[in-house]
Every structure is written in structure tokens, then in C-alpha cells.
1. Loop-only check: which trypsin sites (Lys or Arg not before Pro) in region 100-140 are DSSP coil with at most 13 other Cβ within 10 angstrom?
2. Write out the chymotrypsin sites (Phe, Trp or Tyr not before Pro) in region 36-127 meeting two conditions: DSSP loop, and at most 10 other Cβ atoms within 10 Å of their Cβ.
3. Taking the Cα-to-Cβ direction at Glu55 and at Lys177 and moving 7 Å from each Cα, how far apart do the two end points lie in nm?
4. Rounded, prolate or oblate for region 2-81? Axes are the square roots of the Cα gyration tensor eigenvalues, ordered a ≥ b ≥ c, and the cut-off for rounded is a/c under 1.5.
5. Considering the dipole of the chain built from charges on the beta carbon (Lys and Arg +1, Asp and Glu -1) around the Cα centre, which of Asn39, Cys141, Ile50 is farthest to its positive end?
6. What percent of all Cα-Cα pairs in the chain falls in each 5 Å bin, counting up from 0?
7. Quote the charge dipole size of the chain about the Cα centre in Debye, to the nearest 20; the model charges only the Cβ of Lys and Arg (+1) and of Asp and Glu (-1).
8. Which Cα, out of Tyr30, Ala14, Pro76, lies furthest along the positive dipole direction of region 2-81 (beta carbon charges, K/R +1, D/E -1)?
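Just so you know, all these numbers are worked out from the coordinates, no wet-lab data involved. None of the values given here were measured: they were computed from a predicted structure. A quick note on method: Cβ atoms are made from the backbone with ideal geometry, for glycine too, and the neighbour counts reach across all protein chains shown.
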Amino acid sequence: MVLYRPRAKDYAMAMRNLKIFDSPTEMDNYLIHFHNLYNLIDDDYFPKIIVPSKEEKADHRNGWLHSRYVLLGNVPLGIFDSDTLERIKKPLLEIEDDGNGGLKCQFEILNEGYIFFLGSDQWYGHTTMLGYKRSNMTAPCARVDDIAVNSDAFTQALEHFIAERAIKIVETQRKIKEKYNEKKRA
């Protein structure tokens, strides 16, 4: 899975626009479409105008251990990380209408199943997205208030959750492996 955040005024704004992709090529295609760079492409199947920077840094604010700039020539378009979650596949997000004017989506991250609901509260006049682990539907594992009830806003919120959750899973697995190796050496 490739994590991408656009270049923005501040970190919080950039993270609100986080995107996830299956591959760097998918990210490149998104950037070409988003920035309308079709006139710069020589080969439609292998665009070479967007390149990663050579310098890699760990961003401990969000757990991206291999962050690099994605560049158009020498202009940074954003920051991406294709190594931290490289062995995790981006889940397929099939958003459905729940029949009550809201949306729902089910997906899996490394064998953990989730179900998310997004709808508006008729009494209080705001929207809420709630996410549950399918194995424990008693308490939500995620909540976001006041987002638009449309598939684009729902997808954005889901991608943000998926990226954060996948990083937590990878960090936990890495820490368990480090403790195991320390015990083994002792």
C-alpha cells in the first residue's frame, strides 16, 4: 500500500487529504489526472515526469518510516511512503446505500474485518461516521463527526482510518518481533 499526502500549508491540512494506493504507478496516474499533466506525458503506459526524491526520512508524527517527496521536475507535489506498508494490500471499498439516506462499507485490513456507517442525525442536524470491528460490534473503534454524506467524503474518511490502522498493526508486529528477538538473544 502506498501512502500519499499532498503538499499543503500545514501538516494537519495535508493529512486531511491523505490518499492510499495499491502501487506507485496508481499514485502517479492519480497525480497526472489531478494536476492535469497529460500534455507532459510522452508514453501513456509509463509516465516518467513524476519521480521520487532520493532522500528518505522517517516521519514519527504519523508512523511513515520511509517518507519521500514526489516531484514534478524539482517541484514537490507531496510526500509518499511506499515501504512502511508495502506488504499490505489496499482494501476494496465498496460503498453502499444503507436504505435510510446513509452509506455503509465493509472491508478487511490484515484479516481484521470492519464495517462503517455514515448518516445524518435528524434530531441534532449533524452527520456521524461510526466504524466497528465485525468481531466486536458493541463499541465503535472510530468516529468522525460532521462530514458530508457522499461517497467521496466517506472514502476519504475511510482511507484515513485504513492508513492509521494499518500503521498501528505494522508497528505492533514490529515491536513484538523486536521483543522476541531480544528474548532469543538473552
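1. Values: sites: Lys104, Lys133, Arg134; in loops: Arg134.
Filter output for region 100-140: Arg134.
2. Numbers: sites: Tyr38, Tyr45, Trp64, Tyr69, Phe80, Phe107, Tyr114, Phe116, Phe117, Trp123, Tyr124; in loops: Tyr45, Trp123, Tyr124.
Here the sparse-neighbourhood loop sites are Tyr45, Trp123, Tyr124.
3. 2.8
4. On the way: a/c = 1.87, a/b = 1.69, b/c = 1.10.
Prolate shape, in that a/c is at least 1.5 and a/b is the bigger ratio.
5. Cys141
6. 1, 7, 14, 17, 17, 15, 12, 9, 5, 2, 1, 0, 0
7. Working: 26 positive and 28 negative charges, 234 e Å.
That gives the chain a dipole magnitude of about 1120 debye.
8. Farthest along the dipole direction, towards plus: Ala14.
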